[in-house]
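The block underneath contains the structure these notes are about, expressed in structure tokens.
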Amino acid sequence: MGTILEYLGGDHRACDELFASAEAAVAQKNWGSAHDLFDRFQAAMVRHLAMEENVLFPAFEAHTGNSMGPTQIMRMEHQQIRDLIQNMARAVANSNHNSYLGLSETLNMLMQQHNMKEETMLYPMSDQVLGSERDAVIRAMEAIAP
Ligand SMILES: [Fe+2]
Ligand SMILES: [Fe+2]
């Protein structure tokens, strides 16, 4: 079994691909594909945030005894990400191309910064502190329903 960095870093890539596909469809005003691709992006993000908030962060906090540190900041950023995705869902529902592209640009910047912090700090730290429990944490994340 691999590392937290490999598992969740790979999931970041998968979410990014769906994000880019949905954005391209909106940019072309291809609303049929845009609805479908956005739904898939949103579902992938809901699952990713749940894997972190319900499995990884509690395990990290239990092993470091710190629930006010990096995980607290990540949870706050998740809320900003959720708010933007919710507004994007409204823009897709209304076929509002300009609104969607403005929001998706903001989300893209926020998500890239957030993912970078996780991939350079939180995930490597998690791989270190979880020790022998790491595989069980990855299995618990895999078990989160898509
Ligand atoms: Fe995150
Ligand atoms: Fe993440």
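The values are calculated or read from the model by the stated rules, or taken from the named source; none is laboratory data. Note that the structure is predicted; figures quoted are calculated from it, not measured. Cβ sites come from the backbone with ideal geometry, for glycine too, and all protein chains shown count toward neighbours.
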Review point. Would it be correct to say that residue 134 is farther than 14 Å from residue 15 by Cβ, free of Cβ contacts under 8 Å to residues at least 12 places away in the same chain and of a type outside the set (A, V, I, L, M)?
Key: no
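Yes/no matrix, rows are residues, columns are (1) of a type outside the set (Lys, Arg); (2) modelled with pLDDT under 95; (3) crowded, with 16+ Cβ neighbours inside 10 Å; (4) assigned to a helix (DSSP H, G or I):
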| site | (1), (2), (3), (4) |
| --- | --- |
| 29 | no, no, no, no |
| 33 | yes, no, no, yes |
| 37 | yes, no, yes, yes |
| 44 | yes, no, yes, yes |
| 48 | yes, no, yes, yes |
| 52 | yes, no, yes, yes |
| 58 | yes, no, no, yes |
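Taking the options 74, 68, name whichever one is among the aliphatic types (A, V, I, L, M) and either farther than 19 Å from residue 121 by Cβ or in a helix (DSSP H, G or I) (or both).
Numbers: 68 fails: either farther than 19 Å from residue 121 by Cβ or in a helix (DSSP H, G or I) (or both).
Among 74, 68, only 74 is among the aliphatic types (A, V, I, L, M) and either farther than 19 Å from residue 121 by Cβ or in a helix (DSSP H, G or I) (or both).
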Study note, to complete from the structure: Residue hits (segment 22-58; in contact (Cβ under 8 Å) with a residue 12 or more places away in the chain, aliphatic (A, V, I, L, M) and within 14 Å of ligand 1 (Cβ to nearest atom)) are 44, 45, 49, 50, 51, 55, 56
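Looking only at residues that are small (Gly, Ala, Ser) and in contact (Cβ under 8 Å) with a residue 12 or more places away in the chain in segment 100-130, which one is nearest to ligand 1 (Cβ to nearest atom)? Spell out the reasoning first.
At the first step, the residues of segment 100-130 found to be small (Gly, Ala, Ser) are 102, 104, 126.
Retained after the next criterion (residues that are in contact (Cβ under 8 Å) with a residue 12 or more places away in the chain): 104, 126.
Numbers: 104: 18, 126: 12 Å.
Filtering first and then ranking leaves 126.
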Study note, to complete from the structure: Scanning segment 100-145 for residues that are within 16 Å of ligand 2 (Cβ to nearest atom) and not in a helix (DSSP H, G or I) gives 144
Review point. Is at least one residue of segment 97-107 surrounded by 15 or more Cβ atoms within 10 Å (Cβ to Cβ), of a type outside the set (A, V, I, L, M, F, W, C), under 16 Å from residue 15 (Cα atoms) and touching a Leu at 6+ places or on another chain (Cβ under 9 Å)?
Key: yes
Check your understanding: If only one of 125, 121 is in contact with a Pro (Cβ under 8 Å, 6 or more places away or on another chain) and surrounded by fewer than 16 Cβ atoms within 10 Å (Cβ to Cβ), which one is it?
Key -> 121
Revision key, fill the gap. Pairs returned, first residue in segment 65-88 that is over 12 Å from residue 42 (Cβ atoms) and at pLDDT below 95, second residue that is within 12 Å of ligand 2 (Cβ to nearest atom) and not β-branched (Val, Ile, Thr), beta-carbon separation under 8 angstrom, 6 or more apart or interchain, are 70/117; 70/121; 70/122
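Only one of these is in contact with an Asp or Glu (Cβ under 8 Å, 6 or more places away or on another chain) and away from ligand 2 (no atom under 16 Å from the Cβ): 67, 33. Name it.
Values: 33 fails: in contact with an Asp or Glu (Cβ under 8 Å, 6 or more places away or on another chain).
Criteria check complete, one pass: 67.
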